[in-house]
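Quick notes on the structure that follows.
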């Protein structure tokens, strides 16, 4: 055993705060429903914390919270009101709050995911940065894994195949490059403007790992992780 699943997260709308789950369904794409929706501007770019070919920096998205009711995302606005993703008012409401014309779009030909299907971090890595377990949300992982060893242990998993519980098997394919979003305030978590600078100086701005899914299924809080037999 190399660790135990401590928290599971899914983010229905890219760059909005997400929902904590007891059981997470996983398929070839990653966590089912994760970042399946995104805020899209008039040029077709998706709201994010950075500017790239696919993404546009849109400040303020962390002020929203998204969860699923069935297969429909429900967006909680900063004033506490909620609008369902299939409500025609959602586009105007988001545009008004963000101060630019946008729509809520379901993923189609262009992926909403940054670089990998499934994102994992460990409690030992958080501790190595002097962060508390609650700070895991800054990095928007799908799985938070509790480990007994010290240091950035998930770096040692690169290229390895890992069982997540009894069903899911993944392969760790890369470390995760971080952006300015990790230092933004999220709910009760205050801003941490120096966090990205610290990671850039000490770890080339990388923290956590991405995995591709080899065997889909379900993973639950408390499930054990173990290396697959070569």
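Read the figures in this text as sums done on the coordinates, not as results from a lab. What you see is a predicted model, and the numbers here were worked out from it, not measured in a lab. Ideal geometry is used to build each Cβ from the backbone, glycine not excepted, and the neighbour counts take in all protein chains shown.
Whole-percent P(r), the chain, all Cα pairs, 5 Å bins from 0: 1, 7, 14, 19, 19, 17, 12, 7, 3, 1, 0. Length gained on full extension, residue 115 to residue 129, computed as 0.36 nm times the residue gap minus the Cα-Cα distance: 2.7 nm.
Taking R0 as 30 Å, what FRET efficiency do you get between residue 43 and residue 202 from their Cβ-Cβ distance, rounded to the nearest 0.05? Could you put the intermediate results ahead of the total?
On the way: r = 36 Å, r/R0 = 1.20.
The formula returns an efficiency of 0.25 here.
Using every pair of distinct Cα positions in segment 35-106, the Kirkwood expression returns a hydrodynamic radius of 12.3 angstrom. For residue 229 and residue 179, the difference between the fully extended length at 0.36 nm per residue and the C-alpha to C-alpha distance is 14.5 nm.
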